[in-house]
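No lab work stands behind these numbers, since they all come straight from the coordinates. Bear in mind the structure is a predicted one, so any value in this text is a computation, not a measurement. Every residue, glycine among them, receives a Cβ derived from its backbone with ideal geometry; neighbour counts consider all protein chains shown.
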Amino acid sequence: MTGAKTNERPGTRAQVRYLRVSPSKAREVLDLIRGLPVDRADEILQFTERAVSNDIRKVLASAVANAAHNDQITDDSVLYVAACYADEGPTLKRWRPRARGRATRIRKRTCHITIIVSVMPAEMQELVEAERSRSSAGRATAPRRGRTAKDVRRARVAKSRAAQGQEHDHDHDEDDHDHEHGDEDVDVTEAAAEEAETPIEDEVVEVEAPAADDEAENEEEK
């Protein structure tokens, strides 16, 4: 028993005709979104570096809008890309002049892109919901990126203070002493300041007076 034909598949469809791109290039992008949920397919098309991805994204949005308007499926989270394909359209033929009076044919390809969206089966919907819950939980528990310079500085200061506290938390029972390092630092600082402020007094040198005998000898000589 064969499956449903391509043009008879159930679901809501949207189509763009005579798109000026080759069908082989369009199929490369369509293979990326086939069978995926609509939101995931739109995300892939948004960041695909192919020019045709913009046109395919518009067709996907049109299919979702058709599902909401024609089939009353307002919740697009239950939709997935059931089928997507690109058929070959008419080829525009042009000519390029070449050497010695010859001409070369230029083929400008066109294609018709069709996207069909439908409601996900129950099993697929359960798997998608589980994956979404895991991704949301991972984003909630993941550390916040892009911290500011202020936050980085605070974390660095807290880390250095914690390291200093671990170095200071040594065993005091071995030396059997109880002191306050903070008070000692303050006392040493104050003593150094007092020494710096105290003026240096000039030393007084006492000169002894000459003896009386020396004075008498000087008088006799005169």
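Descriptive notes on the structure:
- A single member of 40, 50 is surrounded by fewer than 17 Cβ atoms within 10 Å (Cβ to Cβ), among the basic types (Lys, Arg) and part of a loop (DSSP other than H, G, I, E, B), and it is 50.
- Residue, nearest to the chain's Cα centre (by Cα), within the range 60-118, restricted to residues that are part of a strand (DSSP E or B) and among the hydroxyl-bearing types (Ser, Thr, Tyr): 80
- Odd one out for residue 122, checked against (1) over 35 Å from the mean Cα position of the chain (by Cα); (2) exposed (fewer than 10 other Cβ atoms within 10 Å of the Cβ): (1)
- Some residue of the range 14-32 being in a loop (DSSP other than H, G, I, E, B), under 22 Å from residue 68 (Cα atoms) and not polar (S, T, N, Q): no
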